[in-house]
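Taking it in order: structure first as structure tokens, then the write-up.
The values are calculated or read from the model by the stated rules, or taken from the named source; none is laboratory data. Quantities reported herein were computed from a predicted structural model and do not represent experimental measurements. Glycine also receives a Cβ, built like all others from the backbone with ideal geometry; neighbour counts cover every protein chain displayed. Please note that ligands, DNA and RNA were not included when accessible areas were found on the heavy atoms of the full protein model with its side chains. Shrake-Rupley method; radii C 1.70, N 1.55, O 1.52, S 1.80 Å.
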Amino acid sequence: MKPINKETALVVFSGGQDSTTCLFWAKKNFKRVEALTFRYGQKHIKEVETAEQIACDADVPWHFMDVSFIGKLAKNSLTDNSIIMDEKKPVDGPPNTFVPGRNLFFLSIAAVFAREHGISHLVTGVSETDFSGYPDCRDAFIKSLNVSLNLSMDEQFVIHTPLMWIDKAQTWALADELGVFDLVRTKTLTCYNGIIGKGCGECPACKLRREGLEKYMRLIREKE
């Protein structure tokens, strides 16, 4: 990886596999890194606690914002216990784990926060390669929002998406390259049911994470 060699980056940080990998990618590529975690009405507060702990252990300044209104705007299974989680992507439309507006709000709020702290680089762990049917994880959305944020505040923000064009196996490989494979494997919280590490093994996030890990481990064995 070629260092970007800039000053400071703000990572939108959930404490999951993807954002943790991005946190350490940012630490490699920027002189200073800060993390911003959101409480958006998700069912598991443990996600916020995990993010704080990982940031603390990584010696990264950690910031928290409660934006629970996001979870109240539309019904979805990540914020409403009465909705049974989709086990796979429906044929028509996104799965009910999609939280409408989540990345739109996260990155917009992060940009305002960054502006007030003299930060122009934002980092997010969205990926189009492992596309789960979430329209706000697509490259076109990120590029469009980047332009809109710049126009809205007359700034020159740069949104970095280190995982945009890599799959979960390659994300594991990147974590390994960054020296945080074990940390990501045992300390992050990707599970929609709130279980740290390998998770419940049944929700869509756990299945995607496990499949990527198994693929990466096979590639390692083939090289030996």
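Straight-line reach from Lys168: which aspartates and glutamates have Cα under 13 Å away, leaving out those fewer than 8 places along the same chain?
Asp18, Glu128, Asp130, Asp176, Glu211, Glu214
Are any of the pairs Lys31/Lys215; Lys187/Lys215; Lys27/Lys198 more than 27 Å apart by Cα-Cα distance, and if so, which?
Pairs exceeding the cut-off: Lys31/Lys215.
Which distance in nm do the two modelled labels at Asn193 and Asp139 give, with both placed 7 Å along the Cα-to-Cβ direction?
3.5
With each pseudo-label sitting 7 Å past Cα toward Cβ, what's the His44-Thr8 distance in nm, one decimal?
It works out to 3.2 nm between the two label points.
So if R0 is 25 Å, what FRET efficiency would Trp165 and Lys215 give, r being the distance between their Cβ atoms, rounded to the nearest 0.05?
0.95
Just to confirm a number: summing +1 for Lys and Arg and -1 for Asp and Glu over residues other than Val180 whose beta-carbon lies under 11 angstrom from that of Val180, what do you get?
Net of charged neighbours comes to 0.
How large, in percent, is the carbon and sulfur part of the accessible surface of the chain at a probe radius of 1.4 Å?
52
Subtract the Cα-Cα distance of Met153 and Glu224 from 0.36 nm times their separation in residues, and report this length gain in nm to one decimal.
Contour length minus Cα-Cα distance gives 20.4 nm.
Tally Lys and Arg at +1 and Asp and Glu at -1 over the other residues with C-beta under 12 Å from the C-beta of Gly101: what net charge comes out?
+1
Taking a probe of 1.4 Å, how large is the accessible area per residue of the chain, in Å²?
For the chain, the solvent-accessible area averages 50 Å² per residue.
Of the peptides 38-49, 208-219, how do they stack up when ordered by the mean number of other Cβ atoms within 10 Å, highest first?
Final packing ranking: 38-49, 208-219.
With a 10 Å radius around each residue's Cβ, average the other Cβ atoms per peptide and rank 17-28, 61-72, 114-125, 152-163, highest first.
By packing density, highest mean first, the sequence is 17-28, 114-125, 152-163, 61-72.
How high is the relative contact order of the chain, in percent, counting Cα pairs under 8 Å that sit 6 or more residues apart?
20
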